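The block underneath contains the structure these notes are about, expressed in structure tokens.
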Amino acid sequence: MPKEQSTQSGVLSEMQDAKLDPPARAAADGSSDAPALDTSPTNRVSNKYNHEYFQPLRWGVDSLYLSFAGNLHTDQENKLDRLKKLAQSDLLTDQAQAQFPVNNHIFEVKDKGTGMFPYILEDNCFRIQLSRQRAKSMPMAYVKISSEYLTHKPVDDVVSDLTSVLDVLGVLESRPKTSRIDLFLDFSSNENMDSWHRDAWVTRSEKIHQYAIKGDFSGWSIGMGSGMSARLYNKTLEILSSNKQYLIPLWAEAGWDKNNPVWRLEFEIKRDVLVQFDVQSLNVTLDNLNGLWSYATTDWLKLTIPSTADTNRSRWPIHPLWAYFSSVDFATQGGELSRHFSEQRIPSNQRLFDYGFSAISSFMAREGITDLLEGVEAYYRGLSDHLNNRAMNAGASFEVYLEERVAVKAKRFNSILNKQTAEDQLTSDEYRRYSDGE
């Protein structure tokens with residue numbers, strides 16, 4: 001077996017002491033009561049456990065950040081320069097053309113870059129940051145894969161789609177490396193999640209915080225801002241503001257009782273930790289999900305039952321809920337995949353209609369209208385007059401005024417490919433042939 005494809009027991013258990021942080025090194029040489037790193041397989045959750053106390057609903061990879069070594073094609077860098085300048089234009093007609101179509105994606109080209117990455121492309125699948133062709137010390141691309149896309153396709157299929165996009169933009173020199181991976185477990189339980197004191201958390205981190213929304217407990221966070229962190233939080237409460245309703249049918253397929261909240265345990269594992277364990281190459285990262293989850297839930301963080309009779313916190317008994325958490329098998333499929341997904345970042349019907357009805361109902365109340373059809377027709381007439389006046393003040397026709405604003409929204413939503421110059425409509429290969437006069 002190639003070294004890059006080592007299993008979790010091969011990669012994680014062969015860590016050298018020099019790669020361990022001080023607490024882990026002390027544990028490894030027996031100089032501390034802290035537990036040594038154990039990457040052996042754990043006892044997996046039994047099918048006969050009490051579902052009222054603990055019911056796993058979904059688990060797997062929630063967020064994935066990858067870097068790709070390589071070089072942009074010169075022609076694609078020139079194209080990105082043009083599109084970025086269009087995005088920065090004061091003219092809406094120019095802004096609307098700042099799109100990069102490739103495969104099934106219509107990426108928005110942002111008007112600003114970040115750090116050493118001057119170009120940013122984004123849709124509902126990927127946020128792609130690109131360096132310049134001559135930036136030899138930088139990866140060609142740094143990419144955030146959306147959580148929603150990862151509920152729709154297996155990770156390998158998602159990365160295959162991403163690679164096919166990047167192949168159009170430049171020449172990739174090696175397999176992707178993982179800059180950050182978030183592992184999650186969604187579950188239902190009748191356990192009171194704020195029934196323990198913060199002392200019950202035994203962790204390598206010194207940062208432990210509790211949170212509440214309008215007085216109701218919403219979750220815990222441990223180690224935020226460091227190379228590794230964890231959150232245990234009320235996911236049903238969180239999706240009210242995050243627009244992640246696509247999770248609800250997936251929980252339902254797993255047997256979720258909608259009368260109970262769904263909680264999420266999530267670990268954010270950054271590059272420094274992945275390098276420490278020598279699992280930074282993406283395929284090795286994915287081969288070692290069980291090892292990373294085991295380290296996170298048995299070594300880096302534990303929920304315990306504090307004992308006043310024992311001052312050694314490492315010997316405190318494990319909370320029964322945490323025992324279930326640590327035994328989840330990340331080598332198995334963590335739930336059904338979503339059947340519906342769009343590359344477009346479009347607002348939901350609920351959001352659009354709620355905003356629309358709010359405006360129409362306010363107009364009806366002001367005008368003393370109680371019939372909806374009459375109110376909508378009156379609102380439409382008033383809106384048409386208003387937009388006509390706006391168009392005249394802008395020196396444009398009503399049709400042009402409307403088309404420009406729809407086009408700018410379409411760019412943001414990745415929903416319509418607006419009119420582009422012939423040059424920008426060409427694919428990479430076509431543009432090279434065109435430039436060479438073929």
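A few comments on the model shown:
- Peptide packing for 64-70, 328-334 was compared via the average number of neighbouring C-beta atoms within 10 Å per residue; ordered from the highest value, the list is 64-70, 328-334.
- Its relative contact order, with pairs defined as Cα atoms under 8 Å and 6+ residues apart, puts the stretch 231-319 at 23 percent.
- Extension gain (nm, one decimal) between S342 and D385, 0.36 nm per residue minus Cα-Cα: 12.0 nm
- Near S218, the amide H atoms lying under 5 Å from its own belong to Y211, A212, I213; only residues 5 or more places off or on other chains count, and H is placed 1.01 Å from N.
- Low-density loop positions, trypsin sites (Lys or Arg not before Pro), the stretch 117-146 - DSSP coil, at most 14 other Cβ in 10 Å: R134, K136
- Nonlocal amide H pairs with Y53, under 5 Å, H built at 1.01 Å: N190
- Counting charges near L373 (Lys, Arg +1; Asp, Glu -1) among other residues having Cβ under 15 Å from its Cβ returns a value of -3.
- Under-5 Å amide H pairs with R345, H placed in peptide plane, nonlocal only: N124, N414
- Solvent-accessible area, 1.4 Å probe, carbon plus sulfur percent, for the stretch 92-222: 45 percent
- In this structure, the residue pairs whose Cα-Cα separation is over 29 Å, taken from K177/K409; K85/K244; K112/K235; K110/K244; K244/K411, are K177/K409; K85/K244; K112/K235.
- Unit charges at the beta carbon, dipole of the stretch 204-362: most positive-side option, L265, S242, W300: S242
- Sequence ranges 380-387, 402-409, 75-82, ranked by mean other-Cβ count within 10 angstrom, highest first: 75-82, 402-409, 380-387
- Karplus-derived 3J(HN,Hα), 6.51/-1.76/1.60, for each residue of the stretch 212-222, Hz, glycine and proline x: 9, 10, 6, x, 9, 4, 10, x, 10, 9, 10
- Rounded to the nearest 20, the size of the Cβ-charge dipole of the stretch 83-155 about its Cα centre is 440 debye, with Lys and Arg at +1 and Asp and Glu at -1.
- Straight-line cross-link partners of K302 among the lysines, defined as a Cα under 20 Å from its Cα and at least 8 positions apart when in the same chain: K207, K270.
- Residue-wise HN-Hα coupling along the stretch 312-326, computed from phi with Karplus coefficients 6.51, -1.76, 1.60 (Hz; x: Gly, Pro): 7, 5, 5, 9, 5, x, 6, 4, x, 5, 5, 4, 5, 4, 5
- Packing order of peptides 89-100, 389-400, highest average first: 89-100, 389-400 (average count of other Cβ atoms within 10 Å over each peptide's residues).
- Test item: Cα-centred dipole of the stretch 293-368, Lys/Arg +1 and Asp/Glu -1 on Cβ, debye: 160 debye
- Each residue of the stretch 61-70 was assigned a 3J(HN,Hα) from its phi angle through the Karplus curve 6.51 cos²θ - 1.76 cosθ + 1.60 (θ = phi - 60°); the sequence is 9, 8, 10, 9, 10, 10, 10, 10, 7, x Hz, with glycine and proline shown as x.
The values are calculated or read from the model by the stated rules, or taken from the named source; none is laboratory data. Small disclaimer: the values here were computed from a predicted structure and weren't measured. Counting neighbours? That spans all protein chains shown, and the Cβs are built from the backbone with ideal geometry, glycine included. These accessible areas exclude ligands, DNA and RNA; they are computed on the full protein's heavy atoms, side chains included. Shrake-Rupley method; radii C 1.70, N 1.55, O 1.52, S 1.80 Å.
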